[in-house]
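The values are calculated or read from the model by the stated rules, or taken from the named source; none is laboratory data. Just so you know, these numbers come straight off a predicted model, no measurement behind them. Positions of Cβ are backbone-derived with ideal geometry, glycine not excepted, and every protein chain shown enters the neighbour counts. The area values use the complete protein model at the heavy-atom level, side chains included, leaving out ligands, DNA and RNA. Shrake-Rupley method; radii C 1.70, N 1.55, O 1.52, S 1.80 Å.
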Amino acid sequence: MAEQTSTANAWPANPADLIPQGRKRLGWGLLAIATLGLLAIIIVQILYKTEMSTVGFYTWRPVVYAYIFWGAALGAWQVLTRGEDGQRALFLLPALLFTIAMVIFPTLFGFYIALTDWNLSSYTGRRFNGLDNFWQMLADPYYRNALFNMVLYVLAVLVEYVVAFGLALLLNAQIRARKFFRVVFLLPLMLSPVAVSWMVGKSLMEYRFGPAATLARHLGWDNPAFFSDPITARIAIMMLDAWTFIPFMMIMLLAGLQAMSREVLEAARVDGATAWQTFWQVTFPLMLPVSVTAVILRIIFKLKLADIIITLTSGGPGGATDSVSSFIYREYRDRSNVGYGTMLAMAYLIIIIVFVTWLLKVASRFVRNVN
């Protein structure tokens, strides 16, 4: 009995410890060779494409071959060093390689393009220019204006949240034709933003014959050109975007309201709380996690705002309504400036990552403190 106990204690806790050291060294050596070979080919190709070296490849095809070999070496390393656990990990390997190929590599290539002078209308082609695009971006007043507009557009989400919460409370109450109104309020979400731009912005708000412009004239507005003044144009863009996406927040908040316990609300009424006290001290705190989720998702959608602006104003008047996405789009389409446009996009990507990370931390801390 003691021998069996000692044998059981001697059995390794980690099955990988049973793998011979020579096999592990082979796996590590194969992975090291493949990794160093891939990095060497990438560095040589980058130096060649940036005209810092005369040694390189005409196309990026050798990099693809080296990446495929590295993926095979990564799978072999898993099996040789981890045994059966490595074989199970092979099922995740295609997803990992696909993510690297479709997300990581294009992002890195985008940073490379951002450091080049590449205009599709130029006969000189692409050439490396270092940080010239970055310094141009810092001095670009139109890009700074687009960033300022994004701050205004994001702040408008708070107003959208208030309206969406009010509609959710209304549709959660016992009113007549409640199901009908739920479908009606969801209709804008079913439409494309481009269709909304044409149907509402180009038709209803057309300054000569549009119904909204005609009504504005009857109310005393002499020249109801909604998109000719920077302030009114921004407000019109915000209203159209809000009309399209408020139902998205509303349906999330409505789902949260319907999932709330009725006993809690009835207990507040029994204790003598008014309707406002019940909402502010019971409903709103309980709805806070859903509210934070809805607001963050709406902000993420807002950061991509472009289609309504491109369709209605093309950033005008004078770039006053431009979002960052629409400004980058026009930099590509109108000026064919791929290098500078990519620098703007990469800088905006970094801003979004930092802002959303900070927003998630603040929201998490806020929910913890309230609850």
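Please list the non-local residues whose amide H lies under 5 Å from the amide H of residue 321, H modeled 1.01 Å from N, same-chain partners needing a gap of 5 or more.
Under 5 Å from the amide H of residue 321 lie the amide H atoms of 316, each far enough along the sequence or on another chain.
Which chymotrypsin sites (Phe, Trp or Tyr not before Pro) in region 193-259 pass both tests, a DSSP loop state and at most 15 other beta-carbon atoms within 10 Å?
Sites meeting the loop and neighbour criteria: 209, 221.
State, as an integer percentage, the relative contact order of region 283-354 based on alpha-carbon contacts under 8 Å between residues 6 or more apart. Intermediate results must be reported in sequence, preceding the final value.
Values: 37 pairs, mean separation 14.2, N = 72.
The normalised contact order for region 283-354 reaches 20 percent.
So how do 353, 175, 246 rank on accessible area, 1.4 Å probe, biggest first, that is with the largest at the start?
353, 175, 246
Any chance you could look up the accessible area of residue 368 with a 1.4 Å probe, heavy atoms only, rounded to 10 Å²?
150
According to a simple spin-label model (label point 7 Å from Cα along Cα-to-Cβ), what is the distance in nm between residue 269 and residue 207?
It is 5.3 nm.
If you roll a 1.4 angstrom probe over the protein chains with everything in place, what fraction of the accessible area of the chain belongs to carbon and sulfur, to the nearest %?
That share works out to 70 percent.
Treating only the Cα positions of the chain as identical point scatterers, give the base-10 log of I(q)/I(0) from the Debye formula at each q in 0.06, 0.08, 0.11, 0.12 Å⁻¹.
Evaluating at q = 0.06, 0.08, 0.11, 0.12 Å⁻¹ gives log10 I(q)/I(0) of -0.42, -0.69, -1.01, -1.08.
Would you grab the residues whose amide H sits under 5 Å from the one on residue 128? Only those 5+ places off in sequence or on another chain, please, with H modelled 1.01 Å from N.
Those lying under 5 Å, H to H, from residue 128 are 117.
What percentages, rounded to whole numbers, describe P(r) for region 192-326 computed over all alpha carbon pairs with 5 Å bin width beginning at zero?
2, 9, 15, 15, 12, 10, 9, 9, 9, 6, 3, 0
Can you tell me the dipole magnitude for the chain around its Cα centre, using point charges on the Cβ only (Lys, Arg +1; Asp, Glu -1), in Debye to the nearest 20?
360
Working from the alpha-carbon coordinates of region 52-132, get Rg over Rh, Rh being the Kirkwood radius.
Ratio of gyration radius to Kirkwood radius: 1.15.
Which of the chymotrypsin sites (Phe, Trp or Tyr not before Pro) found in region 98-189 are loop residues per DSSP with 13 or fewer other Cβ atoms within 10 Å of their Cβ?
123
Sort 309, 46 from largest to smallest accessible area, using a 1.4 Å probe on the heavy atoms of the protein chains. Write down the numbers at each step before the final one.
Working: 309 0, 46 70 Å².
Highest to lowest solvent-accessible surface, that is 46, 309.
When only C-alpha pairs under 8 Å and at least 6 residues apart count, what is the relative contact order of the chain, in percent?
Rounded, it is 20 percent for the chain.
If you keep only loop residues by DSSP, which trypsin sites (Lys or Arg not before Pro) in region 195-301 have at most 14 other Cβ atoms within 10 Å of their Cβ?
208
Give me the accessible area of residue 183, 1.4 Å probe, in Å² rounded to the nearest 10.
Using a 1.4 Å probe on the heavy atoms, I get roughly 80 Å².
For region 63-210, just list the percent of Cα-Cα distances falling in each 10 Å bin from zero outward, please.
The distribution over region 63-210 is 8, 15, 18, 19, 22, 14, 3, 0, given as percents.
Which whole-number percent gives the relative contact order of region 192-259, counting Cα pairs below 8 Å spaced six or more residues apart?
About 24 percent, as a whole number.
If the reach is capped at under 28 angstrom between alpha carbons, list the lysines near residue 304, excluding any in the same chain fewer than eight residues apart.
The qualifying lysines are 202, 361.
Which whole-angstrom value gives the distance between the alpha carbon centres of region 276-292 and region 172-187?
22
For region 67-93 and region 212-228, compute the distance between their C-alpha centroids and round to whole Å.
When both Cα centres are located, 67 Å separates them.
What three numbers, in Å, describe the spread of the alpha carbons of region 24-67 along their principal axes, ordered from the longest?
Rounded to whole Å, the extents work out to 40, 17, 10 Å.
Roughly what would the spin-label model give for residue 336 and residue 138, points 7 Å off Cα along C-beta, in nm?
It works out to 3.0 nm between the two label points.
Percentage of Cα-Cα pair distances in region 258-312 greater than 16 Å, rounded to whole percent?
Tail fraction, whole percent: 57.
Quick check for you: with a 1.4 Å probe and neighbouring chains kept, what is the accessible area per residue of the chain, in Å²?
59
In nm, give the distance between the simple-model label positions of residue 355 and residue 36, each being 7 Å from the Cα along the Cα-to-Cβ direction.
Here the modelled spin labels are 4.5 nm apart.
What is the Å³ per residue value for the convex hull set by the Cα atoms of region 88-175? The partial results should precede the final answer.
Working: hull volume 21.1 nm³, N = 88.
With only Cα atoms used, region 88-175 gives 240 Å³ per residue.
If you fit an axis through the alpha-carbon atoms of helix 105-114 and take the longest principal axis of the Cα set of the chain, what angle between them do you get, 0 to 90°, nearest 10?
With both axes taken from Cα atoms, the answer is about 70 degrees.
Provide the per-residue ³J(HN,Hα) series for region 49-60, in order, calculated from phi with Karplus coefficients 6.51, -1.76, 1.60 and θ = phi - 60°, each as a whole number of Hz, with x at glycine and proline positions.
Result, ordered by residue: 6, 8, 6, 8, 8, 9, 9, x, 10, 5, 10, 8 Hz.
Roughly how much of residue 329 is accessible, in Å² to the nearest 10, using a 1.4 Å probe?
100
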